[in-house]
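**Q** I'd like to ask some things about the structure below.
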Amino acid sequence: MDLDTFFVSCERLLDSRLNNKPVLVGGTNGRGVVAACSYEARKFGIHSAMPMKVAQMLCPEAVVIRGNSAIYSKFSDLVTDIIEESAPIYEKSSIDEFYMDVTGMDRFFGTYKWAQELRAKIIKETGLPISLALSTSKTVAKVGTNEAKPNNHMNIPLGTEKSFLAPLNVNKIPMVGNQTYKMLLNMGIKYIKTIQEMPMELMDRVMGKNGVLLWKKAQGIDHSEVIPYHERKSISSSLTLEKDTIDVRQLKNILIAMAEKLAYYLRNDNKITSCVTVTVRYSDFDTRTKQKQIPYTSLDHTLIKTVLDIFDQLCDRRVLVRLIGVRYSNLVSGTYQMNLFEDTSEMIKLYQAMDRIRNRYGQNAIRRVATMEKHIIGQMSNPFNGKSPVIPTHRKF
């Protein structure tokens, strides 16, 4: 199930005057990017991640709205609650997309009828348009959902997967990005049917493991399971100093390192936060904590500034500090698009490049100067790979 033009649909629920009009959600400062657009706007060639200035040139009459992540998260939670009440197993793969495994339910219910009834319930109780596709794998169901849009449903029964996929463009397969699409076009491959007719060994020679995976998806073969959904609510990092200190500059550098690496982990797991908390424990074990609500984000410069602002308000005693910590809470699923309401495309590309470097060469491959004087906090394990919501960074300084 996939909520149609989710951000736009939420805005239309709040303001019916936006109905049937071309609507753009995203940055409004002239250098921002389109986070979402209505179907009316797409007719002008507008798409997400397009510079807002270009989108406004293509459709001058479009209504531009600065996004509100908090509102979108609330609507997403409403849909999630309805699905949780009905589906035996479900996976929330993003703020507006869900997979459900209804294997075996056909013994008691008609699974397609059940899915249609669930969709109707979501529309009735939330007012949001949502599309669904029922099939034998996540890949075919996702492609089917995109074909069913806007606000419709589709059933792709067992044995019809290949014939359903065959006439579609190869970029309909979820793993095919812009670069892969260009490569396939250069190979003379435009439709999925062509890949279906090619030997798997040829795809392996040309594209390696990705070629084999692409070939299987083109055949409708995908054995990936629906992963039961459990939303992590917070991540945190704290550090007990080997020697209590009153050196504010040193403490701020540690906080910068914590804030930066926690933000990196948020982005890697497609999470964003709206609540930042800083903890300071003094040598007399007096512990003080302060938090601040912010617009949803996962970008370093916003989070670091917030952490330091809170610390300045919190650390008002001339007493040695024993421990400091940072916590991000109110986490929701969201990609860079969730931050495009106020950040420029250049800024987003910068963070993407930095994360690629870290993913390839390690967390400390690129850091801020403030954190390079010493190994303030070493390699932090990714909190989203383990069960504990707290990053184990209680290292001696």
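**Q** Among (1) closer than 27 Å to residue 243 by Cα; (2) part of a strand (DSSP E or B), where does residue 316 come up short?
**A** (2)
**Q** Could you pull out every one of the helices (runs of 4 or more DSSP H) wholly within region 18-111 that has 1 or more residues that are over 19 Å from residue 7 (Cβ atoms) and either of a type outside the set (D, E, K, R) or touching a Lys or Arg at 6+ places or on another chain (Cβ under 9 Å) (or both)? I'd like the intermediate steps shown before the answer.
**A** On the way: elements: 39-42, 52-58, 69-86.
Of the helices (runs of 4 or more DSSP H) lying wholly inside region 18-111, those with at least 1 residues that are over 19 Å from residue 7 (Cβ atoms) and either of a type outside the set (D, E, K, R) or touching a Lys or Arg at 6+ places or on another chain (Cβ under 9 Å) (or both) span 52-58, 69-86.
**Q** Is there any pair linking a residue in region 292-312 that is within 11 Å of residue 276 (Cα to Cα) and in contact (Cβ under 8 Å) with a residue 12 or more places away in the chain to one that is of a type in the set (Gly, Ala, Ser) and in a strand (DSSP E or B), with Cβ under 9 Å and at least six apart or on different chains, and which?
**A** Sorted first by the residue in region 292-312, then by its partner, the pairs are 293/274; 294/274; 295/274; 296/274; 297/274.
**Q** Also, quick follow-up: Looking only at residues that are more than 26 Å from the chain's Cα centre (by Cα) and of a type in the set (Lys, Arg) in region 86-143, which one is surrounded by the fewest Cβ atoms within 10 Å (Cβ to Cβ)?
**A** Result: 107.
**Q** Also, I was wondering about something else. Of the residues that make up region 148-169, is at least one part of a helix (DSSP H, G or I), under 19 Å from residue 90 (Cβ atoms) and in contact (Cβ under 8 Å) with a residue 12 or more places away in the chain? Break it down stepwise before answering.
**A** Here is the first cut: in region 148-169, the residues part of a helix (DSSP H, G or I) are 148, 161-165.
Narrowing the set further to residues that are under 19 Å from residue 90 (Cβ atoms) leaves 148.
The next check asks that each one be in contact (Cβ under 8 Å) with a residue 12 or more places away in the chain; those that pass are 148.
Looking through region 148-169, at least one residue is part of a helix (DSSP H, G or I), under 19 Å from residue 90 (Cβ atoms) and in contact (Cβ under 8 Å) with a residue 12 or more places away in the chain.
Here is a yes/no grid of residues against (1) in the same structural domain as residue 271 (by TED's automatic domain parsing); (2) among the hydroxyl-bearing types (Ser, Thr, Tyr); (3) under 27 Å from residue 19 (Cα atoms):
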{"position": "38", "(1), (2), (3)": "no, yes, yes"}
{"position": "52", "(1), (2), (3)": "no, no, yes"}
{"position": "65", "(1), (2), (3)": "no, no, yes"}
{"position": "89", "(1), (2), (3)": "no, no, no"}
{"position": "110", "(1), (2), (3)": "no, no, no"}
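**Q** While we're on this one: Right, residue 75: surrounded by 14 or more Cβ atoms within 10 Å (Cβ to Cβ), hydrophobic (A, V, I, L, M, F, W, C) and under 27 Å from residue 266 (Cβ atoms) or not? I'd like the intermediate steps shown before the answer.
**A** Details: surrounded by 14 or more Cβ atoms within 10 Å (Cβ to Cβ): yes; hydrophobic (A, V, I, L, M, F, W, C): yes; under 27 Å from residue 266 (Cβ atoms): yes.
Spelling it out, residue 75 is indeed surrounded by 14 or more Cβ atoms within 10 Å (Cβ to Cβ), hydrophobic (A, V, I, L, M, F, W, C) and under 27 Å from residue 266 (Cβ atoms).
**Q** From 271, 243, 261, which residue is farther than 27 Å from residue 74 by Cβ, surrounded by 16 or more Cβ atoms within 10 Å (Cβ to Cβ), in the same structural domain as residue 316 (by TED's automatic domain parsing) and of a type in the set (Lys, Arg)? Walk me through how you get there before you give the answer.
**A** Working: 271 fails: farther than 27 Å from residue 74 by Cβ; 243 fails: surrounded by 16 or more Cβ atoms within 10 Å (Cβ to Cβ).
The match here is 261.
The values are calculated or read from the model by the stated rules, or taken from the named source; none is laboratory data. Keep in mind that this is a model prediction, so the values were computed, not measured. All Cβ positions, glycine included, derive from the backbone under ideal geometry; neighbour counts span all protein chains shown.
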